[in-house]
Amino acid sequence: MDLFADLGDLKKGVVIHHWDTDGIVSAALLRNYFQRQYPDKTIDLFMPTITNYYLTDDQYDYLQAQGYQFVVTCDLNFPSDTVQGLAKRWPGQVYFFDHHHHPAPHENVHYYNMEHPACASHIAERLGLPYDLLPVIAMVGDREEGIQQDKLFYPHVQAMMAEHHLTFSQLLDARRLIDSNYIVDDYDGIVETIHLLQDDPMAIFTDVRLRDNLAKIDADIIKWLEVEPTKLSDTVWFWEITTHFNILSHITRALSRQFPDKVIFTRQLKNSQYTCYMRRRDATVDARDLISYAHSLGLNSGGKPEVAGIIIPSDQFETVFPKLQTHLISLATPSRG
């Protein structure tokens, strides 16, 4: 089945992608697919402002001004109003690829969302592509060591490790290298890395620019891992992160490794808004419950059972954050009776 059959004679489209490894790999995979299957079509790249899981009015205007005739989104878990904003401007020509918890399909949108190790692996399955090194990098990037327990998909990881003489640690390192772009706010570097992955995914391991990024980032992460948490409860531990790097998700991930039996809750103020992350490994909290509660408060939020990301505009912070925090503590507190 040709998912893009409805494009017909339309010539110019854009892939709107997430800024992390899975989103970057998904964009590379889609561009390669279009170059092979639809060489007559031009596919540009676009990304929301880093940490924004939505589009601003100016960004809608920009996209329309470029003359795009169709839109493909990947790994962004856009909220309903953003999806409908796209569908209103490009009716019937929006292609939504994801693998996150999302409310429901949308009218006038080609909606492809299902549970998968990564958005890139989901796209590969939908398009009938092999699980080669690109989707494998994305799967390891999103699931980390957890992919080793996946009896269905880990054999594909092992096959790529054998074919390319890679260790699992090197695949984990690939995520850190690719993610380093957005952490240091290098938008041009993200585009450069997508092109690098399109041409030769192995080239990321020796890219000097990405290695230099990592050295700066690692020094900052080590500093934050030594900071004492605010213990909101026996289970929920909180950190306020103050750094100019877009490093919150990585610090949260590292803290979750360091304290696997805790629910890690972090917050960072950047670009006039607060980003909050909740991540757990062994603790029995379903992050989707927090995501749903955030939606009920009118917040942009997304994630998976083990992780939630939530955006709070600074003018709503004092009202909303205490409610969010209280709800998380209640979710992490065992019921009695």
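Observations
- Lone unmet requirement of (1) at pLDDT below 95; (2) outside any loop (DSSP other than H, G, I, E, B); (3) farther than 21 Å from P79 by Cα for T284: (2)
- Scanning the stretch 86-99 for residues that are assigned to a loop (DSSP other than H, G, I, E, B) and out of contact with any helix residue (DSSP H, G or I) (no Cβ under 8 Å at 6 or more places or on another chain) yields W90, P91.
- Tally of residues being in a loop (DSSP other than H, G, I, E, B) and without any contact (Cβ under 8 Å) to a residue 24 or more places away in the chain across the stretch 15-62: 2
- So L210, is it more than 30 Å from D286 (Cα to Cα) and either touching a residue at least 40 places away in the same chain (Cβ under 8 Å) or not in a helix (DSSP H, G or I) (or both): no
- Any pair with Cβ under 6 angstrom, 6 or more apart, that starts in the stretch 134-150 at a residue that is small (G, A, S) and ends at one that is part of a helix (DSSP H, G or I): A138/D22; A138/V25; A138/A120; G141/T21; G141/D22; G141/R175
- Filtered by the rule that a residue be part of a loop (DSSP other than H, G, I, E, B) and surrounded by fewer than 18 Cβ atoms within 10 Å (Cβ to Cβ), the stretch 260-278 gives P260, D261, N271, S272.
- In the stretch 113-128, the residues that are assigned to a helix (DSSP H, G or I) and without any contact (Cβ under 8 Å) to a residue 12 or more places away in the chain: E125
- For the stretch 33-51, the set of residues classified as in contact with a strand residue (DSSP E or B) (Cβ under 7 Å, 6 or more places away or on another chain) and modelled with pLDDT under 95 consists of T51 only.
- Within the stretch 142-203, helices (runs of 4 or more DSSP H) holding 3 or more residues that are more than 27 Å from I16 (Cβ to Cβ): 154-164, 168-183
- Here Y62, Y95, Y112, Y54 are screened, and the one residue that is surrounded by fewer than 19 Cβ atoms within 10 Å (Cβ to Cβ) and closer than 21 Å to G303 by Cα is Y54.
- Of all residues in the stretch 65-87, those satisfying the criterion of being surrounded by fewer than 13 Cβ atoms within 10 Å (Cβ to Cβ) and modelled with pLDDT of 95 or more are A65, Q66, G67.
- Enumeration of residues in the stretch 279-315 that are surrounded by 15 or more Cβ atoms within 10 Å (Cβ to Cβ), more than 21 Å from D98 (Cβ to Cβ) and more than 17 Å from the chain's Cα centre (by Cα): R281, A283, V285, L297, I312
The values are calculated or read from the model by the stated rules, or taken from the named source; none is laboratory data. In this text, all values refer to a predicted model and were calculated from it rather than measured experimentally. Cβ: placed from backbone, ideal geometry, glycine included. Neighbour counts: every protein chain shown.
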